[in-house]
1. Residue farthest toward the positive end of the dipole of the chain, with Cβ of Lys/Arg at +1 and Asp/Glu at -1: which of 153, 98, 43?
2. I want to check a number: in the range 42-140, how many lysine pairs have alpha carbons closer than 24 Å, given a sequence separation of 8 or more or different chains?
3. Amide H neighbours of residue 140 under 5 Å, counting only residues 5+ apart in sequence or on other chains, H built in-plane at 1.01 Å?
4. May I ask you to evaluate 6.51 cos²θ - 1.76 cosθ + 1.60, the Karplus curve with θ = phi - 60°, for each residue of the range 141-146 and list the ³J(HN,Hα) values in order in whole Hz, giving x for glycine and proline?
5. Work out from phi, with θ = phi - 60° and the Karplus expression 6.51 cos²θ - 1.76 cosθ + 1.60, the ³J(HN,Hα) of each residue of the range 93-109, listed in order in whole Hz, and give x for Gly and Pro.
6. Suppose every Lys and Arg Cβ carries +1 and every Asp and Glu Cβ carries -1, with no other charges. What dipole size does the chain come out with about its Cα centre, to the nearest 20 debye?
7. Here are labelled values, (i) 19.3, 61; (ii) 17.2, 51; (iii) 15.6, 51, and one is the computed Rg and Dmax of the Cα atoms in Å for what I pasted. Which one?
8. What number comes out for the charge environment of residue 76, summing +1 per Lys or Arg and -1 per Asp or Glu over other residues with Cβ under 10 Å away?
Amino acid sequence: NLSEQHSETQSNTSLPIGDGWHISSSLDSVFSIKTADCLPLIFRTQKQVALIHAGWRGLANAILSKTIEKFEQSTELLEVVIGPAICVNCYEFGKKDAALIPYSQTIQQEDSLYLDTKSTAKVQILESCKQHNLNCKIYDSEVCTSCFPSEDIACYSHRRDGLNRGNNLSWVCV
């Protein structure tokens, strides 16, 4: 499991520090990241996999385009899965910080601004794939970590639960 930094840093398989794994060989291993409201993303072709933890700082520091750059030579379809993360209705956000995020998708409700991290990530992914001539397909879990708890799905949320919470584990077997 990674020791998340809320940055754009990605790890190889020997140094588990940063906000993502990029694996380009078969290792018969399991890689994981922890999130509570941030985006867990899996990028996949037949030969490469990346597992990314993307919060607003990672989105601001282009962690998704830096991930896609590593797939640049691929002629295969790049599939991206976005796991449970906080939704736009639950993520009140500052205008000053939103201005730091490329392609930030926000909504204004009365005096508050709300950041849509999933839509922002989708736009960043599509733009980066277009720049690198990659075909991609994005799958979204459409689960909010803050407002979606039910009998079937329960997620941990930093915004909802504060520091007295667990973490959601996203993993990939390679």
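The values are calculated or read from the model by the stated rules, or taken from the named source; none is laboratory data. Note that this is a predicted model, so its numbers are computed, not measured. Cβ coordinates were reconstructed from backbone atoms using ideal geometry, including for glycine residues, and neighbour counts include every protein chain displayed. Please note that ligands, DNA and RNA were not included when accessible areas were found on the heavy atoms of the full protein model with its side chains. Shrake-Rupley method; radii C 1.70, N 1.55, O 1.52, S 1.80 Å.
1. Ranked along the dipole, the leading option is 43.
2. Eligible lysine pairs with Cα atoms under 24 Å apart amount to 22.
3. The answer is 82.
4. 5, 6, 10, 8, 5, 8
5. Result, ordered by residue: 9, x, 4, 4, 6, 4, 5, 7, 9, x, 6, 4, 10, 10, 10, 9, 10 Hz.
6. Dipole about the Cα centre, nearest 20: 300 debye.
7. Structure-derived value, by its label: (iii).
8. Values: positive: 44, 47; negative: 79.
In short, +1.
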